[in-house]
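First the structure, in the form of structure tokens, and then the observations on it.
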Amino acid sequence: MSATLKDIAAYTGLSVTQVSRALNDHDDVSAETKIRAREAAIALNYHPNLSARKLASGRSGIVGLVLPPQDRTPRDSMFVQMVRGLSSAFSRQGRLFVLNAAEEGEDVVEVHRRLIDGGSLDGFVLIEPEDADRRVAFLQGRGVPLVMHGRGALDPDYPFYDIDNIAVGRELTEMLLRAGHRRIGFINGVQSMCYVTHRRVGWEMALRAADLPADPALHEHGQMTESVGALATLRMMSAPADRPSALIAGNMLIAKGIYSALSMLGLKVPSDVSVVVHDDMLPGEDLMAMPPTSGTRSALAQSWEPLAQGLIGAIEGRPLAGLQRVGVFEIVDAGSIAPPV
């Protein structure tokens, strides 16, 4: 049988009110008290009564994510880890996280409308922001709380968790510029994604600062897969006179494709071509068959708790400034950069 708030209060020596406010992450409860209450809730197998919560507060305690209609495969470890991580983070905050996958051809805004009209969800996590994102405009128009993984603009008016992707693109490029490279290719993600645009801006900024042109032929967009990385590399390396001496990979799968293509061409890293990558540090994507690669690194898992806290804060009406978080990334030198030949 699931424990009650009274059980947790007796177990911890706190009052029922303190336990309730701790599990609901209220600002007037100390971090130590929150930890005590959450650890006791886990130990006693406590699960919140969502029906009672809705009667008392008008909220269901349920939040959701609508997955846009697109091809996702079992290898899409980013998506799998995102759902798992968010579910755990919201569970620790006493909320239930649900996923709704939009069907092919289904308008995601209409999916959000249907879920809101059903009255079962308190708010939404949004992923993969786009310019002038229709989901944001719709939810804000309906007064529905949201939190975004990423940013559709650099100064948004909604809660978010993001890293500085302009700085990521700039740093990856500058690592290669410092080694003497002047023709630097970038195999980036899907063009409509805002973080992809921001990384391209960083690439262009670094090249301009070095008085170099941002050659469109040296920038490729596509799904972040091994095959896209390999094909883009083969295209860029097809003209020996204009080929890049260094390549930037948008993620580890693209980097693996780059290594495969370079091997097919008889080129070695870093003696013939230098390679850098942004690593999301996803489980199973360290790609042990691939040599260690320099670049930037920021664990996607760092975003789960800030996203959960951001959405809960929005639901509870907390000030926006405290619900917008920019995470950090680290720079890794793994020996995949050498001066150009």
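The values are calculated or read from the model by the stated rules, or taken from the named source; none is laboratory data. The structure displayed is predicted, hence computed values, not measured ones. Using ideal geometry, Cβ is built from the backbone for each residue, glycine included, and neighbour counts are taken over all protein chains shown. We work out accessible area using only protein heavy atoms, side chains counted, and drop any ligands, DNA or RNA first. Shrake-Rupley method; radii C 1.70, N 1.55, O 1.52, S 1.80 Å.
Ordered from highest to lowest accessible area with the whole protein assembly present and a 1.4 Å probe, D333, D27 read as D333, D27. Under 5 Å between amide hydrogens, built in the peptide plane, is the criterion, and for H47 it picks out A3 among residues at least 5 positions away or on other chains. Beta bridges assigned by DSSP with both partners in the chain are antiparallel in approximately 10 percent of cases. In order along the stretch 250-257, the phi-based Karplus estimate (6.51 cos²θ - 1.76 cosθ + 1.60, θ = phi - 60°) of 3J(HN,Hα) comes to x, 7, 5, 5, 4, 4, 4, x Hz; Gly and Pro are listed as x. Extension gain, R297 to V328: 0.36 nm times the residue separation minus the Cα-Cα distance gives 10.3 nm.
Computed from the C-beta positions of S91 and Q191 and an R0 of 45 Å, the FRET efficiency is 0.80 to the nearest 0.05. Across the stretch 208-287, Cα pairs under 8 Å and at least six residues apart give a relative contact order of 31 percent. Among L115, L154, L126, the largest mean-square fluctuation in a Gaussian network model of the chain, built with springs joining Cα atoms closer than 10 Å, belongs to L154.
A simple rule links phi to the HN-Hα coupling: the Karplus curve 6.51 cos²θ - 1.76 cosθ + 1.60 with θ = phi - 60°, which for the stretch 192-199 gives 6, 7, 5, 5, 5, 4, 5, 5 Hz, with x for Gly and Pro. Distant-in-sequence amide contacts of L146, defined by a placed amide H-H separation under 5 Å and a gap of 5 or more residues or a different chain, comprise F124.
Entry comment: accessible area of the chain is 47 Å² per residue, from protein heavy atoms only and a probe of 1.4 Å. The stretch 1-47 has equivalent-ellipsoid semi-axes of 16, 10, 9 Å, by the square roots of 5 times the alpha carbon gyration tensor eigenvalues, sorted largest first. The label-point distance for D272 and R178, in a model that sets each label 7 Å from Cα toward Cβ, rounds to 2.7 nm.
Any idea how far the Cα center of the stretch 266-341 sits from the one of the stretch 144-216, in Å? The distance from the Cα centre of the stretch 266-341 to that of the stretch 144-216 comes to 13 Å.
Only lysine pairs 8 or more places apart or on separate chains count here, and in the chain those with Cα atoms under 29 Å apart total 4.
Taking amide H as placed 1.01 Å from N in the peptide plane, V273 has its amide H under 5 Å from the amide H of K268, each at least 5 places away in sequence or on another chain.
With all protein chains in place and a 1.4 Å probe, the accessible surface of the chain carries 54 percent carbon and sulfur.
Each label point was placed 7 Å from the Cα along the Cα-to-Cβ direction; for A239 and D157 their separation is 4.5 nm.
Ordering I258, A308, L234 by the projection of their Cα atoms onto the charge dipole of the stretch 231-341, which places +1 on the Cβ of Lys and Arg and -1 on the Cβ of Asp and Glu, puts L234 at the extreme positive end. Contact order for the chain, expressed relative to its length and based on alpha carbon pairs under 8 Å spaced 6+ residues apart, stands at 16 percent. Note on the chain: Cα Rg divided by 2.2 N^0.38 Å, N the number of residues, gives 1.14.
Measuring r between the beta carbons of L212 and A3 and using R0 = 51 Å, the FRET efficiency lands at 0.20. Taking Cα centre as origin and charging only the Cβ of basic (Lys, Arg, +1) and acidic (Asp, Glu, -1) residues, the dipole magnitude of the chain rounds to 560 debye.
For the stretch 206-341, relative contact order (Cα pairs under 8 Å, six or more residues apart, normalised by length) works out to 22 percent. Given +1 at the Cβ of Lys and Arg, -1 at the Cβ of Asp and Glu and no other charges, the dipole of the stretch 104-185 around its Cα centre is 360 debye to the nearest 20.
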